[in-house]
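Chemist: Submitted below is the structure of interest, expressed as structure tokens.
The values are calculated or read from the model by the stated rules, or taken from the named source; none is laboratory data. Quantities reported herein were computed from a predicted structural model and do not represent experimental measurements. All Cβ positions, glycine included, derive from the backbone under ideal geometry; neighbour counts span all protein chains shown. What goes into the accessible areas is simple: the full protein's heavy atoms, side chains included, and nothing from ligands, DNA or RNA. Shrake-Rupley method; radii C 1.70, N 1.55, O 1.52, S 1.80 Å.
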Amino acid sequence: MRLADLHCHTTASDGTLTPAELVRLASEIGLAAVGVTDHDSVDGIAAAQAEGRRLGVEVIPGLELNTDYEGSEIHILGYYMNLGSRQLQLGLANLRDARNLRVKLIVEKLAQIGLKVDLCRIMEIASDGAVGRPHVAQAMIEKGYVSSIKQAFDQYIGTGCPAYVSRYKLTPQQGIGLIRQANGVAVLAHPGLVRRDDLIKCFIDAGLNGIEVYHTSHTPAYEKRYAELAERLGLLLTGGSDFHGPGRKEGISLGDRTVSLETVRKLTKLHEEMEKWQEHSQNRPND
Ligand code: AMP
Ligand code: ZN
Ligand code: FE
Ligand code: FE
């Protein structure tokens, strides 16, 4: 069966492979398609698609928004957004600014507890990508303050730790709206990690189209549960590994969770229907 891994990160956010490297790896392991879903960024998509055309790997353009619902961190995946959408670009620019400010505040908090980490070095590690705590952790490892990313989160920068700083986040409904207004397909990421199934109906009202049923954090029991839930609610089923490249999220490899190309076509078809519907409503005379 030809398979697709629909949840991967690159250097456009906190992954360690460039978009082209990710696609080359997908080609090497025989994936038919790969979804590029960077945090708050669509900047890796063009390079991934160019490499995909060269190697015959289908690149599904995507994005992952980390949103907040009353303290629960809810991740929303988007696929096939119109990248030219002004609202999407503005929304992502705001999130990017919030990330930059947050990292600056984290560096200040670290300094207060005697850990001097250079902001410029963190930005350099993030290169042009959306900067995040994994980049801060990397800089802390370089300075010898911690020996792993996990230790940095557990002791210093994770929720409730001395250098934790919260970040401006959209609500899940705003995130879904941002994706949908750009004619993207909105999918609830790894619901098994968050366990807020009570909110799914409300997300559907906001425009949710699918659930990420298959994810490396999901047990077989969760996969069964969310597959049934998606079927019952008439939502699309998606899946992916959440691969971040070597050196990030140890133990997760590209292709660890996949869906069939048939599943991908359902996503594509829904997006095409959204585009047609939009054209139709734009062409309709005002009455
Ligand atoms: P940020 O986007 O700055 O909030 O950082 C969140 C990212 O850090 C997540 O997407 C994960 O990739 C990573 N992360 C979160 N918690 C941990 C942890 N305990 N250990 C390692 N990585 C983590
Ligand atoms: Zn990440
Ligand atoms: Fe996530
Ligand atoms: Fe992810």
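Chemist: Kindly report the accessible area of the chain per residue (heavy atoms of protein chains, probe 1.4 Å, no ligands, DNA or RNA), in Å².
Modeler: 46 Å²
Chemist: Per residue of the chain, what 222 nm ellipticity follows from adding -39500 (n - 2.57) for every DSSP H run with n ≥ 4, rounded to the nearest 500?
Modeler: Theoretical 222 nm ellipticity from helices: -13500 deg cm²/dmol.
Chemist: If you don't mind, another one. Which cross-chain or sequence-distant (5 or more) residues have an amide H under 5 Å from the amide H of Tyr164, H modelled 1.01 Å from N in plane?
Modeler: The answer is none.
Chemist: Of all accessible surface on region 189-271 at a 1.4 Å probe, what whole percent is carbon and sulfur?
Modeler: With neighbouring chains kept in place, the figure for region 189-271 is 52 percent.
Chemist: If you place +1 on the Cβ of every Lys and Arg, -1 on the Cβ of every Asp and Glu, and leave all else neutral, what size is the dipole of region 1-69 about its Cα centre, to the nearest 20 Debye? If you can, show how the numbers build up before the last one.
Modeler: Numbers: 4 positive and 11 negative charges, 89 e Å.
It works out to roughly 420 debye.
Chemist: With unit charges on the beta carbon (Lys/Arg positive, Asp/Glu negative), name the residue among Leu95, Cys8, Gln49 whose Cα is farthest towards the positive pole of the charge dipole of region 1-120.
Modeler: Gln49
Chemist: With both partners inside region 29-131, how many of the DSSP beta bridges are antiparallel, as a percent to the nearest 5?
Modeler: Antiparallel bridges: around 60 percent, rounded to the nearest 5.
Chemist: Still on this model: Quick one: work out Rg over Rh on the C-alpha atoms of region 126-266, Rh as Kirkwood radius. Display every interim value, and only then the final one.
Modeler: Values: Rg = 17.3 Å, Rh = 17.2 Å.
Radius of gyration relative to Kirkwood radius: 1.01.
Chemist: OK, next. Report the dimensions of region 170-210 along its three principal axes from the alpha-carbon atoms, largest first, rounded to Å.
Modeler: 28, 18, 16
Chemist: Rounding to the nearest 20 debye, state how big the charge dipole of region 191-287 is about its Cα centre with +1 on each Lys and Arg Cβ and -1 on each Asp and Glu Cβ.
Modeler: On the way: 14 positive and 16 negative charges, 43 e Å.
Dipole size: approximately 200 debye.
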